[in-house]
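Step one of this worksheet: look at the structure below.
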Amino acid sequence: MKKWLMDLFSRGSLLPEAEEYLLSRGGKRETIESLGIISWDSVPPEKSPDPVFNEKYFVESSCRLTECILTPYWSLKNEIIGFEARKYKIKWITDFRVSPDIDWCTFWIGSNQDSLEKLWRGGSAWIVEGLFDLFALDWVIPTSDVILVSVQARLVTKHIEYLRRFTKFVHLCMDMDKPGRDGVYKAARLLREESLQHRVVKYGPGKDPGEIWDRGGAEELREIFL
């Protein structure tokens, strides 16, 4: 399955309308490319060797992942072990994770060879919940730092192990709603237990950095975060 995913993403490209959507949500072309994001057109791709994947996403001769933006989850071995998929014409998000690999691998959106090298050189890690939050902060944080998407409003043991191994300072910049606040304080407790330096980033108005981008673009993001 991992090989099938690697082949799929290596052959994939980003359709113009999908790229236009990502750019409108704050993505920079170089960031979109570095994340390895692709999209599928209306032609169903070949079926996966994984029956669970096929059962989840293929219905008769059609694929539920058409007209989707696919963002890969990378492992520390530089292998794709899953992805997040979202429609760019309607609101629909799903994700898929290769089992059993995902059970013991740390996965983020934003973790790749370039980000690991930045962390090794002393860069800080900024933790956000979603892809569009990554796009937003990419306009304001130092280029020496790294933005990692936890996908959920929480950090688990594998996330903490990753951070302890690769960085010395963590900025927790999760959503300002109740799930985000609950998640950020639990994450801060875990980081304290591991003696990892960190800070909880408080900001507003706006539920998350992506929402701030949608409202005021890079200018408002700089006013709030710089």
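The values are calculated or read from the model by the stated rules, or taken from the named source; none is laboratory data. Remember, it's a predicted structure, so these values are computed and weren't measured experimentally. So basically every Cβ, Gly included, is an ideal-geometry build from the backbone, and we count neighbours across all protein chains shown.
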Go over the candidates 35, 22 one by one and state the one that is closer than 30 Å to residue 157 by Cβ, in contact (Cβ under 8 Å) with a residue 60 or more places away in the chain and among the aliphatic types (A, V, I, L, M). 35
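Considering only region 1-12, how many residues are surrounded by 12 or more Cβ atoms within 10 Å (Cβ to Cβ) and either modelled with pLDDT of 85 or more or over 15 Å from residue 68 (Cα atoms) (or both)?
7
Restricting attention to region 157-176, report how many residues are exposed (fewer than 13 other Cβ atoms within 10 Å of the Cβ) and either within 20 Å of residue 130 (Cα to Cα) or small (Gly, Ala, Ser) (or both).
Final tally of qualifying residues: 1.
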All positions within region 87-135 that are at pLDDT 90 or above and part of a strand (DSSP E or B): 87, 93, 94, 109, 125, 126, 127, 128
Do we have residue 163 as over 19 Å from the mean Cα position of the chain (by Cα), of a type outside the set (D, E, K, R), on the phi < 0 side of the Ramachandran plot and part of a helix (DSSP H, G or I) here? no
Assuming residue 216 fulfils every condition listed in (1) within 28 Å of residue 93 (Cα to Cα); (2) in contact with a strand residue (DSSP E or B) (Cβ under 6 Å, 6 or more places away or on another chain) apart from one, which condition is it? (2)
Condition (residue is surrounded by fewer than 20 Cβ atoms within 10 Å (Cβ to Cβ), among the basic types (Lys, Arg) and under 15 Å from the mean Cα position of the chain (by Cα)) applied to region 113-136: is it met by at least one residue? no
Among the residues of region 19-62, write down those that are aliphatic (A, V, I, L, M) and not in a loop (DSSP other than H, G, I, E, B). 22, 23, 32, 35, 38, 52, 59
So, residue 199, is that one part of a strand (DSSP E or B) and surrounded by fewer than 18 Cβ atoms within 10 Å (Cβ to Cβ) or not? yes
Working only within region 78-101, note down all residues that are out of contact with any Cys (no Cβ under 6 Å at 6 or more places or on another chain), of a type in the set (A, V, I, L, M) and either under 14 Å from residue 162 (Cβ atoms) or surrounded by 18 or more Cβ atoms within 10 Å (Cβ to Cβ) (or both). 80, 98
Would region 95-116 turn up any residue that is out of contact with any strand residue (DSSP E or B) (no Cβ under 6 Å at 6 or more places or on another chain) and β-branched (Val, Ile, Thr)? yes
Which one is farthest from residue 27 (Cα to Cα), of the residues in region 62-72 that are touching a residue at least 60 places away in the same chain (Cβ under 8 Å) and not hydrophobic (A, V, I, L, M, F, W, C)? 72
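Report yes if residue 146 is under 13 Å from the mean Cα position of the chain (by Cα) and on the phi > 0 side of the Ramachandran plot, otherwise no. First the steps, then the outcome.
Details: under 13 Å from the mean Cα position of the chain (by Cα): yes; on the phi > 0 side of the Ramachandran plot: no.
For residue 146, the condition - under 13 Å from the mean Cα position of the chain (by Cα) and on the phi > 0 side of the Ramachandran plot - is not met.
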Would you please name the residue that is modelled with the lowest pLDDT, looking only at residues in region 67-77 that are crowded, with 16+ Cβ neighbours inside 10 Å and either in a loop (DSSP other than H, G, I, E, B) or of a type in the set (A, V, I, L, M, F, W, C) (or both)? 75
Taking residue 161 as the residue in question, decide whether it is in contact (Cβ under 8 Å) with a residue 12 or more places away in the chain and under 22 Å from residue 96 (Cβ atoms). no
